[in-house]
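Q: The structure is given below, and queries will be raised subsequently.
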Amino acid sequence: MLLRRRSVKQTSNASQTQYAKKNILVKDLGAGDNGETYCAISKYDADRVVATHSAYNNLTPACFDELRAKLTVVKFYKPSNIEGDLSNEINFLTKAITTKHPRITSWIDSHMRGGSQSLTLPLCSGGNLESFTEEHGATFSPSSSGMQDMTPAPGHPSVFHGDLRSGNTVLRPWEDSDCSFGNYPNMVVADFGRAQKLHEDAPCGERAHHLRSQWRDVGQIGCTMSYLRSMMRYLIAKQDCAVHCGATERCSAGLTAMHAKSSSLTDSTLGLWIEQFSTIASDGSKPITDCLPFLTRFLATAKRQRALCYEPLSAEAIAYMSGKKVSNEELTMAWVQRMASSGCSGRKKPARRRRR
């Protein structure tokens with residue numbers, strides 16, 4: 001879901017009204033096809049953090065940091081969405097995805113009752129792959145962590161995503177784990193509004209549609225690679241133009257330079273694999289498991305490629321990834337609204353014990 005940023009506003013949306021009973025909306029992140037997205041924190045977590053730091057009237061830096069660590073993302077049902085509500089995404093994340101995976105966004109909480117619907121997910125502060133690439137360049141290679149054997153797990157459901165693109169791939173900042181490569185962020189697949197699970201008793205027509213959708217997911221991986229390749233070429237052209245014109249400053253704010261060795265190897269390899277992804281995804285009649293040997297070769301090549309072309313992510317890009325997406329001022333305003341809604345203006349008084 002590609003988000004369009006909007007200014008924070010108060011609304012009377014039924015979903016938000018229900019959600020605000022136990023949570024605080026901190027920042028409006030934007031709106032997409034399936035819903036409106038906000039950064040939020042539960043009132044329980046906010047009260048506990050602020051009480052721990054004894055700073056009801058003066059939020060300290062440590063208090064801000066701990067509040068920021070408790071932030072989540074909440075998506076609200078948008079009545080104008082012609083494709084439906086959030087029920088499909090909620091059911092998919094809670095029923096089809098039964099085990100956590102480091103590359104799939106995890107479900108935290110959800111609410112569905114009448115016209116009130118909300119879905120709470122982890123906050124990946126790096127934004128999505130599309131926005132990050134436009135700002136810092138295309139220097140990513142796929143990770144093969146946990147995917148070496150490419151063998152379907154026993155009993156794993158047959159599913160498809162339905163909208164697998166760079167805008168629906170979010171970035172979780174680097175962490176010291178087996179899933180990380182160098183200081184690059186982990187990519188996490190999100191927005192399962194169009195995803196579906198194939199039921200065992202599904203009719204032949206539904207099975208055929210499901211299979212075509214699975215192969216379309218494979219094809220969209222190639223489309224994402226094509227996008228990254230075009231962005232890489234664009235940034236290199238901008239860099240060459242700046243050098244030719246004798247410009248000493250960067251031709252566009254935030255763009256990172258790409259070395260000749262890395263760009264040439266990546267461009268030629270991407271071109272080859274983009275073509276093969278398009279070819280293999282064009283025939284959607286074969287079982288999707290027939291694609292596993294191809295994906296195994298692709299991941300092995302990507303692993304060698306990124307080892308040859310690896311350059312640490314720039315300090316500027318790391319700062320962007322781990323930066324404070326929610327400012328101290330926004331947290332302060334959210335807490336002021338919290339205190340105002342609860343009728344408090346300062347430290348809460350302890351409840352008096354009743355006499356027996």
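The values are calculated or read from the model by the stated rules, or taken from the named source; none is laboratory data. On a predicted model such as this, the values are computed, not experimentally measured, just so you know. As a convention, Cβ positions derive from the backbone with ideal geometry for all residues, glycine included, and neighbour counts pool all protein chains shown.
Q: Here are some conditions: (1) modelled with pLDDT under 80; (2) assigned to a loop (DSSP other than H, G, I, E, B). L164 meets all but one. Which one does it not meet?
A: (1)
Q: Continuing with this model, one more query. Only one of these conditions is not met by K325: (1) under 18 Å from F132 (Cβ atoms); (2) assigned to a helix (DSSP H, G or I); (3) in contact with a strand residue (DSSP E or B) (Cβ under 9 Å, 6 or more places away or on another chain). Which number is it?
A: Just one mismatch for K325, condition (2).
Q: Only one of (1) outside the structural domain of D47 (by TED's automatic domain parsing); (2) part of a helix (DSSP H, G or I); (3) in contact (Cβ under 8 Å) with a residue 60 or more places away in the chain is not met by E311, so which one is it?
A: For E311, the exception is condition (2).
Q: Still on this structure, please answer the following. Would you pick out the residues in the range 268-307 that are of a type in the set (K, R) and assigned to a loop (DSSP other than H, G, I, E, B)? Lay out the reasoning, then the answer.
A: Here is the first cut: in the range 268-307, the ones of a type in the set (K, R) are 286, 297, 303-304, 306.
Result: K286, single match.
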